[in-house]
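Each value in this text was obtained by applying a stated rule to the coordinates, not by laboratory testing. Keep in mind it's a predicted model, so treat the numbers as computed, not measured. As a convention, Cβ positions derive from the backbone with ideal geometry for all residues, glycine included, and neighbour counts pool all protein chains shown.
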Amino acid sequence: MASVETNLAHINQQINTACENSGRNPEEITIIAVTKYVSSQRAEEALHAGITNLGENRKEGLLEKYEVIGSQADWHFIGSLQSRKVKDVIDKISMIHSLDRKSLAKEINKRADHPIPCFIQVNVSGEESKHGLAPEEVIPFIDSLQNYKNVQAVGLMTMAPHIEDEEQLRGVFRKLRALRDTIRNKNYSHAPCEWLSMGMSNDFQLAVEEGATHIRIGSSLVGE
Ligand SMILES: *Cc1c(COP(=O)(O)O)cnc(C)c1O
């Protein structure tokens, strides 16, 4: 298995190319190393390579690694989160990428002691297997968050389908960006909605070209 450092150098090159292609600044892009497949030791290797943001999609994986790594990393919760588990993770994570329902927002608001930056997960492609709100549900959902002072909607997140077709993938990312633009222009104080969490190992270059600010990379960075 290649070192995280080697993988990261390659990924940074790909990000730079995508930024050149689209007139963006690589500093606008945050890499989240998704460590759900790998050991705490490998996650530590990512930190030593200069990564500061780690992502986990399950409570158990997060707690296990948090015990070893603690607050040396900024932790991102990227998977579907059951409301009853919020209290176990809320004081350890810096962002949630998978806010998709009111009951979850209510629980975050209740358990957090400060505003938690949350991405609203959107099922842009409409695949049944995917979590997230339908695009037309997002604005009413954001309206419903107004009284939850500990939930701050900082952006939108999506998972693209597992397809090869570039134009179709770009279409998914563009739809998310257009929705982000619409919401951002509303200037909600509880929902600045500036960021786009999109792009994984197979599609992050396209996602960066289409405006991603947070990319979540597992297999090609730390391994499977
Ligand atoms: C696993 C996972 C990733 C990373 O996937 P790779 O294809 O291994 O890069 C990104 N986002 C979410 C929500 C995930 O569950």
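Results, tabulated for the structure shown:
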| item | result |
| --- | --- |
| Cα-Cα over 23 Å, subset of Lys92/Lys186; Lys85/Lys149; Lys65/Lys130; Lys102/Lys130; Lys102/Lys149 | Lys92/Lys186; Lys65/Lys130 |
| Share, in percent, of DSSP beta bridges within the stretch 4-222 that are antiparallel, nearest 5 | 0 percent |
| The chain: C-alpha gyration tensor shape, a/c 1.5 cut-off, then a/b vs b/c | oblate |
| Whole-number percent relative contact order across the chain, with pairs defined as alpha carbons under 8 Å at least 6 apart | 22 percent |
| Charge tally in the Cβ shell below 15 Å around Ala46, where Lys, Arg are +1 and Asp, Glu are -1, Ala46 excluded | -2 |
| Given charges at beta-carbon only (K, R positive; D, E negative), |dipole| of the chain in Debye | 960 debye |
| Dipole magnitude of the stretch 91-163, debye to nearest 20 (Cβ charges: Lys/Arg +1, Asp/Glu -1, about Cα centre) | 300 debye |
| Top positive-direction residue, dipole computed over the stretch 78-224 with Cβ charges, set Ala134, Leu99, Ser144 | Ser144 |
| Derived scalar couplings ³J(HN,Hα) [the stretch 211-224; Karplus, 6.51 cos²θ - 1.76 cosθ + 1.60; whole Hz; x for Gly, Pro] | x, 4, 10, 10, 10, 10, 10, x, 4, 7, 9, 9, x, 9 |
| In the stretch 129-181, the GluC sites (Glu not before Pro) that fall in loop regions by DSSP, at most 16 other Cβ within 10 Å | Glu164 |
